[in-house]
Amino acid sequence: MLIKKPGDIRSSEITAERDYLSRRKFIAAAGVATLGLAGSARLLGALGSATAQEQQNEKPNTWDEITTYNNYYEFGTDKDDPSANSKNFRTRPWTVKVDGLVKKPAEYHFEDLVKPYAEQDRVYRFRCVEAWSMVIPWRGIPLAEMIKRFEPLPSAKFVQFTTIYAPAEMPGQRSDVLQWPYVEGLRMDEAMHPLTLMVTGLYGKTLPNQNGAPLRLIVPWKYGFKGIKAITRISFVEKQPLNTWQIAASNEYGFYANVNPNVDHPRWTQASERRIGQFRRQKTLMFNGYADQVAHMYAGMDLRRNF
Ligand code: MTE
C-alpha cells in the first residue's frame, strides 16, 4: 500500500485480454451507442455506475482470485506472497486474549471462543484502499455477539485488535516494513454494528491462511486494511487506539477508513475502483454501498478530517 507505484504494477495484476474482449462483446450485444466508451475502455476501462442494489447482486469473485491476490505483509508485500509463504503457518492451537475494560477478561482457546455461535455466510463487497475491489462470500460470527459475552464496561469506548507476533513463522515480521504486531481498532458502536463480522471461513470452507486464519475482522463499509488478520488479542479501551497503517503514514491512512469517494488518497483517486477479474472501472459508492445501514453513525462528523 505504501510502496507500490503505478509503474510497479505487474502484467499479472492487469485484467486478462479475454475479460476485456468479453466486455466488448457484451457492449456490442447490448446494441447501445457506446463506441466511444468501448474505444476508451481499451486504455482506461469504462466507468460503470452500478447502484448499491446492482452491486449487491454481483457474482462473487472466484476462490482463486480471493486466495491469491492478498495483502498480508507478515508474509511479504507482493500480492502473491501470502499464498506462497503462509502454507506452514500454524493456526492450531490458537488462543485469543480478551482484556481491558471488560467484566470477563479471559484467554480463550479458539474452539471455545467460536463454539457458542452459529456461523453465518455473508457476501460482502470488499474495497481495498489501493482502489481495487472484490465480492467475497465470508463465513463468520457477528462481532457484536462475541462482545456481549465479554461484558464490556461502560467506560470501554473502543476495541483494539492485535495480530499474532510470530517472526519465526512470519518472514515479514523479521523486516521493518511495518511496525509489528499489526494492530487495528474500532469505535464501540462500529464493533457492535450487525454488519461487522469475525470471519472464520470463506466460501463455506475453513479460512485459508493467506486470508487471515483462524480469525480475522471484516468491516464491509471500511477500507480493507481495517480487516486485521490472525487476531490473537481483543482489548477494550477508553482512548482511540492507533492502527498500523496510521502509524506508518498518518497523512495517508486514518482511524476511520470509511470508504469515501469524495476524499482521495493523497497519491490516487478514491472515486472509482477496479473489480478484480473485470476490465472496467466502476464508481466507488459512499460507505462502499452500505450507507443506508451505517451513515447514521457518522452524522455530524467532518469525514474529511476524520478520514
Ligand atoms: N492484517 C495483517 N495482520 N497484516 C496485513 O498486512 N493487510 C490488510 C488487511 N489485514 C493486513 C491485514 C489489508 S491492507 C487488506 S486490503 C486486507 O487485509 C486484505 O485482505 P485479503 O487478503 O483477505 O483480501
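Readers should treat all values here as calculations from the given coordinates under stated rules, not as data from a laboratory. For clarity, every value in this text was computed on a predicted model and none was experimentally measured.
A few remarks follow.
- For q = 0.09, 0.15, 0.16, 0.18 Å⁻¹, Debye-computed log10 I/I(0) when each Cα of the range 176-291 counts as one equal scatterer: -0.27, -0.79, -0.90, -1.13
- Overall form of the range 246-307 per C-alpha gyration tensor (a/c, 1.5; a/b vs b/c): oblate
- Shape class of the range 169-239 from the alpha-carbon gyration tensor: oblate, with a/c at 1.5 or above and b/c at least as large as a/b.
- Using θ = phi - 60° in the Karplus curve 6.51 cos²θ - 1.76 cosθ + 1.60, the 3J(HN,Hα) couplings for the range 253-262 round to 10, x, 6, 6, 6, 6, 4, 9, x, 8 Hz; x is entered for Gly and Pro.
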